[in-house]
Amino acid sequence: MKKAIAFLLALVVMSSLLVGCGDKSTSENAVDANDIPFNVMAEEYDDISDMPDYTGKKLELKVWYCLGSYAPNRNKVATKDVVTPEVARVTGVTITPEGSFDNGGDTQDAKVAKVIATDTWPHLLIGCQKNTMAQLIEEDLVYDLTDLIPKYMPNLNKLLEKDDFLNDSRIDGRLYEITLSAPLEYVYPDMSPELIARNSNPKSDTGYVYVRDDILKKLKPDAYTQKELQAIFDKNHTLTKEEILNGAFNSKEEFFDFLRQVKDLNIKVGNRKVYPTYARTGSDNWDLMTQLLGFLNGYNMYPTGGENYFTYYDKQTGNIEYMFQQPDFKESIKEITALVQEDIVSQDSLVDNRASYEEKCANGEYAVLYGGGVPDIATINKNAEKSGYQYRKVILNIPFNTEKYVNVKNNLTGGTKYAVLKNAVSEEDLPHVLRFIDFMATDVGQKVVQWGPKSAGLFKETENGRRYTDPELEACMVNGEANQRDLYYNLNNKAWPGFPLATNRWQPVYIYDFTPNEAALNRFMSTGLYNPIEYVQGIRYDIYNLASYNEGAEKFWNARAAFETALTKILTAKNDQQFESLYNDMVGVAERNGLTDKTLKELNDLWKNDLNKDYMDNLK
């Protein structure tokens, strides 16, 4: 597929040369008609309604949303769009749904081939995969924005003063993609962890599990129940370090002992046994072997980051290594296998499908829940409360092992990166397009997406801050009620195709008085509230990222299911001899499907000398 796409791209370039530069219907001379560009002028205004009309050439831009199979707001239409007309009035730019598209269920590679074949290039690409972007750059189809950002995008340029910002957008030191999204603590360093935790997870170096609080209380009498913890949080609107660590497990050994004690309690739900925990969530091994074992062995800290059971960077060897071949990982799998043999980790969970797993979670048949596959905890607790218990978050107070592992974060700026295509946007129009994107990063641009323009009358200023005037809209935007009122007005980018979204301190959750709830409690239950970690900037070396560049890695990733099956089978071992045999079988499956010593060397050469060459010093 990659070779076919490269060939088709070459034809696109030849075609562009013959016809000039493709479809440049946007404009021949995109210069700002105002004396001061609107993205600069915005800094002098509080609301978009007060800004003057843009009097220059009007642009209609088409976008291709490249992320995933479908865009989250695909085909959604606002009933009374208050944002699009006002943004167009001030900037002269409209992102039009006519001609805009997402992947339509295809992979990105398949969609690229269709776009080339039909010559339906958009003006903007959103979230293009790096290997596809590299091919577009090689064929000179994407604008190099490195020197244009300081000239036309002053708001974004402020963030570029930080050396690590947009690092994953750089190819050979040049910027071809731009994004306005980054963690709040990065864009607003003075924002308190408590304020950030209202809507996002603090950067933590530890993991966590959910434990049935009636069982937790039996074995840890000083531990709070969920209701007790919620009452503390409701009263103080925050948690102390001691409250966050209440009931915490401080070592892998303590956690495993707890599981054994749970088994000894012999608790039942009706006539069904309550197991201490499970091995699988009805899917692959990610929840167990990346998340739980990662927490317990200091190589993961979900959802903040960390390593997985495929590839990782080893600070001690200075190389990418295969995690599944490491003696420490093998020993960790052996420990879990022993717990399966004792039926402390449910043997049935090895064969349960997703529906069975969710049913057991809902029934309280597991004392401990873990991993990203856990069903909605609020829903579980609402039903569990009738039975006299709830699940509460408990910290695994085992810090990330920085002596051996690094928390490389290449996706600091999120997935919504924008690139501008040369064969759809003329050089004359390019400044106008860049100013438009930059405008959305201003306070005025952020406010209109969240609140609408002042002229729409959807909010009022009070002594307590900005407040919505539409009760249904307030319920939707502040309390998360799914009444579609945000889509009605096209707030929060709900209607297709949306706008470039900036990291946004104007979201109502940061403006309204804080109302504690269970979801907020779970965010505040994080060691990141008092001890936030720092990311190491670089390009990730995960096997699924490197598969786009290396045949061995691609072969393995395409055959992942066979590897997962072999990995799960290890947990069925009945004795040490069988464990060794099954473990060797798993390694053999990986090697036969591409993860050889040769592939590992190739991956290291690729990553060190090409993909991550500008960031190797960060790993020391």
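Worth a mention:
- Net charge of neighbours whose Cβ lies under 11 Å from the Cβ of HIS237, counting Lys and Arg as +1 and Asp and Glu as -1: -1
- Using only the C-alpha atoms, the convex hull of the range 197-307 corresponds to 136 Å³ per residue.
- Across the range 447-464, coupling constants 3J(HN,Hα) worked out from phi with the 6.51/-1.76/1.60 Karplus curve, θ = phi - 60°, read 5, 5, 6, 8, 10, x, x, 3, 5, 7, x, 8, 8, 9, 8, 10, 5, 9 Hz, and Gly and Pro carry x.
- Subtracting the Cα-Cα distance of GLU461 and ASP190 from their residue separation scaled by 0.36 nm leaves 95.2 nm.
- Taking 10 °C and 1.306 mPa s as conditions, the range 49-197 diffuses translationally at an estimated 89 µm²/s according to Stokes-Einstein applied to its Kirkwood radius (Cα pairs).
- Near the amide H of THR311, within less than 5 Å, lie the amide hydrogens of MET323, ILE543, all on another chain or at least 5 residues away, with H placed in the peptide plane.
- Amide N proximity, the range 441-460 versus GLU472 label position 7 Å along Cα-to-Cβ, cut-off under 16 Å: 458-459
- The residues of the chain present an accessible area of 42 Å² per residue when probed at 1.4 Å with all protein chains retained.
- Applying 1/(1 + (r/R0)^6) with R0 = 22 Å to the Cβ-Cβ distance of ARG560 and GLU138 gives a FRET efficiency near 0.15.
- Percent of C-alpha pairs per 5 Å bin, the range 491-620, short to long: 2, 8, 10, 10, 10, 10, 13, 14, 11, 6, 4, 1, 0
- The range 240-289 versus the range 44-96: alpha-carbon centroid distance in Å: 49
- Equivalent ellipsoid dimensions for the range 264-373 as semi-axes, Å, which come from the Cα gyration tensor, largest first: 29, 14, 11
- Sites THR402 and GLN577 - FRET efficiency at Förster radius 25 Å, r taken between beta-carbons, to 0.05: 0.10
- Think of the chain as having a plus end and a minus end, set by charges on the Cβ of Lys, Arg, Asp and Glu; of TYR143, GLY282, ASN103, GLY282 sits farthest toward the positive end of this dipole.
- Per-pair calculated FRET efficiency, R0 = 45 Å: ARG272 and LYS80 via Cβ, rounded to 0.05: 0.30
- Shape category assigned to the range 407-551 from the gyration tensor of Cα positions, a/c cut at 1.5: oblate
- For SER346, the residues whose modelled amide H falls within less than 5 Å of its own, excluding neighbours fewer than 5 places apart on the same chain, are THR277, TYR278, ALA279.
- Placing dummy labels 7 Å off each Cα toward the beta-carbon, the span from LYS158 to THR55 is 2.8 nm.
- Extension gain for ASP234-ALA355 works out to 40.2 nm (0.36 nm per residue, less the C-alpha to C-alpha distance).
- Positive-end residue, the chain charge dipole about Cα centroid, Cβ charges, pick of PHE400, GLN347, GLN291: GLN347
- Electrostatic dipole magnitude of the range 269-379 [Cβ: Lys, Arg +1; Asp, Glu -1; Cα centre; debye, to 20]: 80
The values are calculated or read from the model by the stated rules, or taken from the named source; none is laboratory data. Given the structure is predicted, the values throughout are model-derived calculations rather than measurements. Cβ sites come from the backbone with ideal geometry, for glycine too, and all protein chains shown count toward neighbours. Side chains are part of the model used for accessible areas, which takes the heavy atoms of the whole protein and leaves out ligands, DNA and RNA. Shrake-Rupley method; radii C 1.70, N 1.55, O 1.52, S 1.80 Å.
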